Amino acid sequence: MKLEIILAQGVCLVLCFTGFPFITGFMQTTYNSATEKDEFILVSTEKEKNIGASVAKQVEKEYKETDDPLMEKHVEELGARIASVNERKDLTYRFKVLKAKNDDDYNAFSLPGGYVYIFDAFVKKMNNDDEVAGVLAHEVGHIAAKHSIKRLQGGLGMDILMLLGMGIGATGGNVENPQEAMAALSLLMAAYSREDEMEADALSIKYLKESKFDPQGVVNALEFLQKARKKAPLRNYTFFRSHPYVSERISHARTLANDKGDFDAYINMPVHEDGF
């Protein structure tokens, strides 16, 4: 079962139990100290926590925790340092190492509400704490900036209206066409936007500096991904993909780590489908 489907199933559970107020109950503009912008957020912090907890259950049913308790403890300690300096203090952050199903599962991901996961294969390939912290900080950046929540509410439109029409949001009953429901939910859990990835990279470097890690760790982790993916099939260069090319992310991260340039210069850039 692919991770995207697991996440979609988790969101489906949340919609079943929260109903229409999930969408309409919290329509207000709030200041996000991570992005330093006033943002239109429909989902309260408590609802966000519920979403994260529900999806986390699905993830942890599919993936086993690492069989290395020392690795888990160490990642938790590194994550706690990152969490202590990020802007969102309204969440309890949880850092877990998952057992990779393949030797090349070099990835990490986060869920709304403070859940951060990294595969043990990825941790083993990192050379030092700065690099592991760089990966964790990137995921904390996504949470602090509420990227998943914005992505979810940004995809409401016809997809969620369709789900509500099938009875999921209103009654929690069975749907007539679960394939369509899952397809709609999968769209909500699509890849982060180019702006989100660049923002998370910038925040990760900021968090590493503030928690006394070497921000070069972000650059090194990205350079490892670049080398690992050289074995992957070549892709055509395009301006219409969802993730920045790793080489461009490396360049931007290196510039930010060395205190050169400004964050806004790295928002709208050519993109790539891959990235932690």
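Quick note: the coordinates plus some simple rules give every number you see, no bench work behind them. As the structure is a prediction and not an experimental result, all values here were calculated from the model. Positions of Cβ are generated from backbone atoms using ideal geometry, with glycine treated the same way; all protein chains shown enter the neighbour counts.
Within the set Lys49/Lys101; Lys146/Lys206; Lys49/Lys146; Lys57/Lys99; Lys96/Lys125, which residue pairs have Cα atoms separated by over 19 Å?
The pairs that break the limit, which is 19 Å between Cα atoms, are Lys49/Lys101.
Once you sort the root eigenvalues of the Cα gyration tensor of region 40-117 as a ≥ b ≥ c, which label holds: rounded (a/c under 1.5), prolate (a/b larger than b/c) or oblate (the other case)?
Working: a/c = 2.36, a/b = 1.44, b/c = 1.64.
Oblate, because a/c is 1.5 or more while a/b does not exceed b/c.
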Volume per residue that the Cα convex hull of region 76-115 spans, once the total is divided by residue count, Å³: 80
Calculated from backbone phi, Karplus (6.51, -1.76, 1.60) coupling profile of region 92-104 in Hz, x at Gly/Pro: 9, 8, 10, 10, 10, 9, 9, 6, 5, 7, 10, 5, 10
Residue-wise HN-Hα coupling along region 107-118, computed from phi with Karplus coefficients 6.51, -1.76, 1.60 (Hz; x: Gly, Pro): 8, 8, 7, 10, 10, x, x, x, 9, 10, 10, 9
Ranked by how many other beta carbons lie within 10 Å on average, peptides 223-229, 198-204, 67-73, 253-259 from highest: 198-204, 253-259, 223-229, 67-73
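Order these peptides, 135-141, 93-99, 103-109, by their mean beta-carbon neighbour count within 10 angstrom, highest first. Numbers along the way, then the final one.
On the way: 135-141: 29.1, 93-99: 20.4, 103-109: 17.0.
Going from most to least packed, we get 135-141, 93-99, 103-109.
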Built amide H within the under 5 Å cut-off of Tyr245, gap 5+: Val271, His272
